[in-house]
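Before any comments, here is the structure.
Read the figures in this text as sums done on the coordinates, not as results from a lab. Note that the structure is predicted; figures quoted are calculated from it, not measured. Cβ placement follows ideal geometry from the backbone for every residue including glycine, while neighbour counts extend to all protein chains displayed.
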Amino acid sequence: MNDLIDALHLREPVEAIRSKVVPRHRSSVWYYLGGFALFLFGVQIATGVLLLLYYQPTPEAANQSVELIMKRVPFGSLVRSLHSRSSNALIAVVFLHMFSTFFMKSYRKPREIMWLTGVILLLLMLGFGFTGYLLPWDLTAYFATRIGTEVPGMLPIVGEAIVGLLRGARSVSGATLSRLFALHVAVLPLITIVIAGAHVTMTALFGSSVPPGAKITSQTKFLPRYVLGEAILWLCGLAVLLTVAVLHPWELGPAYDMTKPVEPPAGVHPEWYFMFLYQTLKYIPEWAAVGLYTVVLVFWSLVPWLDRKAKQGERSPLFTWIGIILIAGMLVLTTLAYLSVSNEVAGQLPSFGSQATSEPFPLHQPAVDRDTTLRSKGK
Amino acid sequence: MFNHLPTKRRNVLRALVAGGIAFFVAPFAYAIEQFVSFQGALGGNKTAKLSAAELTPDSPSKLVEVEGEPVIVVREADNQIRAFTATCTHLGCIVSFKPQMPGFYCKCHSGRYDANGVNIPGTRPKSPLTELLVKQNADDLEISLTPKGTGSASS
């Protein structure tokens, strides 16, 4: 082993990892989230590669191939449900990791680029969520993607071009499925591996950031102590995911047939992590919403350079408050979005011709009786 | 790990850790093995149906699909209709019917079979093509992957 390390000239990095220590203080428990996100990304790669063995990315076969995975392939339901549930967990963990490092002001010198790669990774994870959502080609997926691919069109100058690139056709179609599939399984993973690799390497180089004013109580050796602690979290996370995936398999709605257009199901809405955006679009014009979030994103990326106090190692309550306001805003918008969706489904808002159902949160639409829907529309 | 412990205790602990990891990994390995080994995805038709009139003296053979497998249906000089698996037993190419031989020829590696599908010694294939049961009702032919001479050979 030692000979191999010497032959590869890896003596220095190996020694660095062996002697690496992780500081302990009142906030150090949040350190585990980055590693947990990495683990969940590993789960995504493993289950994703397995799904690729049977998934077929065409409008004719996509829904059927997912049904085959769910119903006939041994452990197929588990693999797909794990992929879907774990993707949601991953995005939640990435959000928590981002806000925890934000409040610890971990972005300050020398970790500015690390923060930037983190923001890019968050966008990549959202991109995975968006592109993966269409792949089962059911009603909810189809309509969510119709709406989702419309949003970038509000951007000035480049908007139309982005919509065209995403859809590859005037409307969401087989070309869109091929493109989002290519993004989901090839383009985004390649970029993610490079950026995540840089992000993790910088952790190894810079060590864990200690927030200004925190008192270091002790130090944990990275090997084996810290890694074992991380492993406990990974195994607990995996146990929870497996349990949820077995007890609540991810549902599959009826296939969308492009030759027979139907109305969207009542209360069509995106996944929870896009709900704040969805709700914003109800209050302000689309161009303003896209503009607003672009400004927020640019500001968020530049925080390491804007937060002068943290830069000098001082406390910076202003930025803490900015973070709190941002989280509060997202939570309020998300709550309002879910309330309006449940109202719409319960039929309290005018929902022209669509059937009211009693289900409060139809995240994944049950089969819609297309004939009834069309008839009541025609009356 | 456990370098600070006496050798015996250290070995026991290491064996326990290794056993624990194996115990944890085994069900995942089993599930993945089951998942990747599934063979039912091909689909295709249980039987191929065609009309005997499709086989003319000018084109006495036709390739059809049964359960995703290529099958060659031939009309012999005496008008008898027979079907064989069309997958060459050498390296899996698809054979063609040569009425002038008569027999089957594989253009990938010049493999030859006689009119009964038996591989001709000296050419690459080492085993024969399988003759399949043809259910004939007047001009209507129905072919499944049932070998001739087995199963319901009554018709």
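Could you sort out which of A:Lys71/A:Lys282; A:Lys20/A:Lys109; A:Lys71/B:Lys148; A:Lys109/A:Lys215; A:Lys20/A:Lys309; A:Lys71/B:Lys126 sit more than 30 Å apart by Cα distance in this structure?
Numbers: A:Lys71/A:Lys282 39 Å; A:Lys20/A:Lys109 20 Å; A:Lys71/B:Lys148 34 Å; A:Lys109/A:Lys215 19 Å; A:Lys20/A:Lys309 28 Å; A:Lys71/B:Lys126 40 Å.
As for pairs spanning more than 30 Å Cα to Cα, those are A:Lys71/A:Lys282; A:Lys71/B:Lys148; A:Lys71/B:Lys126.
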(request) Work out the charge dipole of chain A with +1 on the Cβ of Lys and Arg and -1 on the Cβ of Asp and Glu about the Cα centre, then indicate which of A:Tyr338, A:Ala214, A:Phe274 is farthest towards its positive end. (result) A:Ala214
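List the relative contact order of chain A as a percent without decimals, with contacts defined as Cα pairs under 8 Å and 6+ residues apart. Show your work: numbers first, answer last.
Details: 397 pairs, mean separation 92.6, N = 379.
It rounds to 24 percent for chain A.
If you add up the charges near A:Ala245, with Lys and Arg at +1 and Asp and Glu at -1, over every other residue whose beta carbon is less than 9 angstrom from its beta carbon, what do you get? Let's see the in-between values first.
Details: positive: A:Arg80, A:Arg85; negative: none.
Result for the neighbourhood of A:Ala245: +2.
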(request) Please list the helices of chain A that count as membrane-span-like by this rule: a mean Kyte-Doolittle hydropathy of at least 0.0 together with Cα atoms stretching 18 Å or more along the helix axis, each helix being a complete DSSP H run. (result) A:32-52, A:76-103, A:112-134, A:188-206, A:227-247, A:286-306, A:317-345
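Is the shape of the protein assembly as shown rounded, prolate or oblate, going by the alpha carbon gyration tensor and its root eigenvalues a ≥ b ≥ c, with a/c under 1.5 for rounded and a/b larger than b/c for prolate? Don't skip to the answer; put the middle values down first.
Details: a/c = 2.66, a/b = 1.54, b/c = 1.73.
Since a/c reaches 1.5 but b/c is at least a/b, the shape of the protein assembly as shown is classed as oblate.
How large is the charge dipole for the protein assembly as shown, taken about the Cα centre, if only the Cβ atoms of Lys, Arg (+1) and Asp, Glu (-1) carry charge, to the nearest 20 debye? The partial results should precede the final answer.
On the way: 46 positive and 35 negative charges, 462 e Å.
Charge dipole of the protein assembly as shown: 2220 debye, to the nearest 20.
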